Amino acid sequence: MNKTLFSTRREFLRKSACVAAAASILPLISSAVPQKKNSGTHPASQSQQTPGFQLPPLPYAYDALEPFIDTETMRIHHDKHHQAYVSNLNKAIHEYQLAGDLSLDELIREVGPKPAAFRNNAGGHWNHTIFWDIMKPGGKKHPEGELLDAIHAQFDDIEDFRRKFATVALSHFGSGWAWLVVTNTGRLNLFSLPNQDNPLMDIAAKKGTPILCLDVWEHAYYLKYQNLRNEYVDAWWKVVNWDEVMKRYQTAKK
Ligand code: MN
C-alpha cells in the first residue's frame with residue numbers, strides 16, 4: 001500500500017465528509033441550464049474553479065481480493081471504468097458550467113433536473129467509491145452488533161439475508177446494482193436499481209442510505225465468471241468488509 005496515496009485518499013474522504021456535512025447549511029448553487037460559454041456575463045462562471053473530482057485509489061492492492069475477484073477485473077474496473085465516470089463527470093461539470101464546489105453527495109441528491117450525464121457519472125463515481133470501501137480481503141464472515149441484531153429482526157437469520165440479497169442481485173435484469181439501505185424509518189431494505197442510479201438520488205425509484213452494494217454490471221465479473229453471475233455473487237460474500245458496513249449502518253441510523 002502506497003502510504004502517500006493512502007493519505008491522499010483519507011484526505012479525499014475527510015474532505016468529502018466535511019463538504020457533505022456542510023451541505024445542509026449551504027445554499028445549493030447549481031444550475032441545470034447550460035450557460036453560454038465565454039459570455040463573460042455570468043459572475044459565477046468567472047470565478048468557477050476547475051471541478052476536479054478525482055479517482056480515489058483502491059484501499060488495497062489490485063490482487064488483494066483474489067481468488068474471489070481477479071486482479072485484471074479490479075484493474076480495469078477501477079482504472080478504466082471508475083476513472084471514466086470521474087472524467088465524464090468533470091467534463092459534464094465543465095460543459096454545463098455547474099458550480100465547481102458541489103460535493104458528490106450534493107450532486108447525486110439533485111440529479112433530477114440536470115442532464116443525464118450527471119445521473120450516470122456522478123452515480124458511477126459515488127457507487128464505485130463505496131463499492132471499493134465495502135470490500136476487503138480477510139474481513140469478518142458476517143456483521144456483528146446492532147447490524148446483526150437488525151438483520152435478525154427483519155430476516156430469519158444471516159443466511160436468509162444473504163439469500164434474499166443474492167436473489168435481488170441475480171434477478172436484476174441488465175446493468176445495475178443491488179443495494180442494502182437504511183430507510184428513513186431506520187429499517188433495512190433490499191432492492192436493485194438500474195445503471196448507475198443510487199438510492200440517495202432524488203429520482204431513484206427506491207430510496208435509502210446505502211450501507212452495502214454489489215455491482216452487477218457485466219464489467220464487474222465477466223472476465224472471471226462470464227455469464228455465471230451467481231458464482232460471482234457467491235464469491236463476493238468472501239470479500240465483504242463488514243466493519244465498514246457496520247460503520248455505515250451506525251452513521252445511517254443517526
Ligand atoms: Mn462497475
The one condition in (1) within 16 Å of the ligand (Cβ to nearest atom); (2) out of contact with any Pro (no Cβ under 9 Å at 6 or more places or on another chain); (3) of a type in the set (D, E) that D133 fails to fulfil: (2)
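Quick one: would you say V168 is hydrophobic (A, V, I, L, M, F, W, C), in contact with a helix residue (DSSP H, G or I) (Cβ under 8 Å, 6 or more places away or on another chain) and either within 16 Å of the ligand (Cβ to nearest atom) or more than 25 Å from A117 (Cα to Cα) (or both)? Give the derivation first.
On the way: hydrophobic (A, V, I, L, M, F, W, C): yes; in contact with a helix residue (DSSP H, G or I) (Cβ under 8 Å, 6 or more places away or on another chain): no; either within 16 Å of the ligand (Cβ to nearest atom) or more than 25 Å from A117 (Cα to Cα) (or both): yes.
In short, no.
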Looking only at region 195-228, and only at residues there that are open to solvent by less than 30 Å² (accessible area, probe 1.4 Å) and farther than 18 Å from H128 by Cβ, the one that is nearest to the ligand (Cβ to nearest atom): Y225
Residue match in region 71-94 (condition: aromatic (F, W, Y) and either more than 16 Å from the ligand (Cβ to nearest atom) or closer than 22 Å to G208 by Cα (or both)): no
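Is it the case, given these coordinates, that R119 is away from the ligand (no atom under 16 Å from the Cβ) and modelled with pLDDT of 95 or more?
Details: away from the ligand (no atom under 16 Å from the Cβ): no; modelled with pLDDT of 95 or more: yes.
Judged against the criteria, R119 is not a match.
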Pairs where the first residue, in region 227-245, is under 12 Å from I69 (Cβ atoms) and the second is part of a helix (DSSP H, G or I), C-beta under 6 Å, 6+ apart: E231/Y225; Y232/Y225; V233/A166; V233/A169
Inter-residue pairs, beta-carbon under 6 Å, first under 19 Å from G208 (Cα atoms) and in region 158-179, second acidic (D, E), 6+ apart: W177/D215
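Under the condition of being among the hydrophobic types (A, V, I, L, M, F, W, C) and closer than 17 Å to E72 by Cα, which residue from region 229-254 is nearest to the ligand (Cβ to nearest atom)?
As a first pass, look at region 229-254 and keep what is among the hydrophobic types (A, V, I, L, M, F, W, C): 233, 235-237, 239-240, 242, 245-246, 252.
With closer than 17 Å to E72 by Cα added as a condition, the list becomes 235-236, 239.
Numbers: A235: 16, W236: 13, V239: 15 Å.
Per the stated criteria, the residue is W236.
The values are calculated or read from the model by the stated rules, or taken from the named source; none is laboratory data. From a predicted model like this one, the values you see are computed outputs, not experimental measurements. Cβ: placed from backbone, ideal geometry, glycine included. Neighbour counts: every protein chain shown. We work out accessible area using only protein heavy atoms, side chains counted, and drop any ligands, DNA or RNA first. Shrake-Rupley method; radii C 1.70, N 1.55, O 1.52, S 1.80 Å.
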